[in-house]
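Taking it in order: structure first as structure tokens, then the write-up.
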Amino acid sequence: MQQTQKLIVIPEGKICDYIDGKFRNDTPEEYVRQNLEKRLVNELRYPKERIGVEVTLKVGNAKKRVDIVVYEKLSEPTQENINIIVECKKETVDPRNAKEGVDQLQSYMAACINCEWGLWTNGRHRIVYRKV
């Protein structure tokens with residue numbers, strides 16, 4: 001029996017997302033996100049089914065998009081089931097520049113009642129927050 005292989009053609013200027021297979025713009029920030037997605041699955045052993053990419057959250061009256069979330073368990077992917085939120089920035093963003101994503105991350109964590117962990121990263125530096 002002959003096996004058929006699926007060939008994916010990635011358009012110019014795009015990257016195929018490791019978690020959901022969607023094409024995303026090829027940007028320095030996207031490289032940081034893709035590397036983190038691979039680490040979550042391959043090193044930390046989170047199943048892909050528990051990871052959401054570009055998830056829309058309700059933050060007050062606004063809707064915001066989060067780079068990566070990890071859901072509590074293999075349950076329905078709702079805002080109430082988010083356990084970890086990750087905010088990715090390109091490598092050139094200085095971690096001491098708290099306005100570049102840290103405030104965002106903290107507001108996202110506050111809007112998710114069961115979110116315990118938050119991670120800000122530019123690929124070289126990481127800042128971890130825990131909500132207690």
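The values are calculated or read from the model by the stated rules, or taken from the named source; none is laboratory data. Just so we're clear, the structure is a prediction, and the values are computed from it rather than from any experiment. All Cβ positions, glycine included, derive from the backbone under ideal geometry; neighbour counts span all protein chains shown. Accessible surface is based on the protein model in full, side chains and every heavy atom, while ligands, DNA and RNA are left aside. Shrake-Rupley method; radii C 1.70, N 1.55, O 1.52, S 1.80 Å.
Things to note:
- Residue match in segment 98-109 (condition: surrounded by fewer than 18 Cβ atoms within 10 Å (Cβ to Cβ) and modelled with pLDDT of 90 or more): yes
- Selection count, segment 48-65, where residues are touching a Lys or Arg at 6+ places or on another chain (Cβ under 9 Å), open to solvent by less than 70 Å² (accessible area, probe 1.4 Å) and in contact (Cβ under 8 Å) with a residue 40 or more places away in the chain: 1
- Counting only residues that are loosely packed, with under 12 Cβ neighbours inside 10 Å, modelled with pLDDT of 95 or more and either on the phi > 0 side of the Ramachandran plot or touching a helix residue (DSSP H, G or I) at 6+ places or on another chain (Cβ under 8 Å) (or both), segment 20-47 holds 1 of them.
- Within segment 66-97, the set of residues being buried (at least 18 other Cβ atoms within 10 Å of the Cβ), touching a Phe, Trp or Tyr at 6+ places or on another chain (Cβ under 9 Å), outside any strand (DSSP E or B) and not charged (D, E, K, R) comprises just one member, ASN81.
- Selection count, segment 111-132, where residues are of a type outside the set (Lys, Arg), open to solvent by 20 Å² or more (accessible area, probe 1.4 Å), touching a residue at least 12 places away in the same chain (Cβ under 8 Å) and outside any loop (DSSP other than H, G, I, E, B): 5
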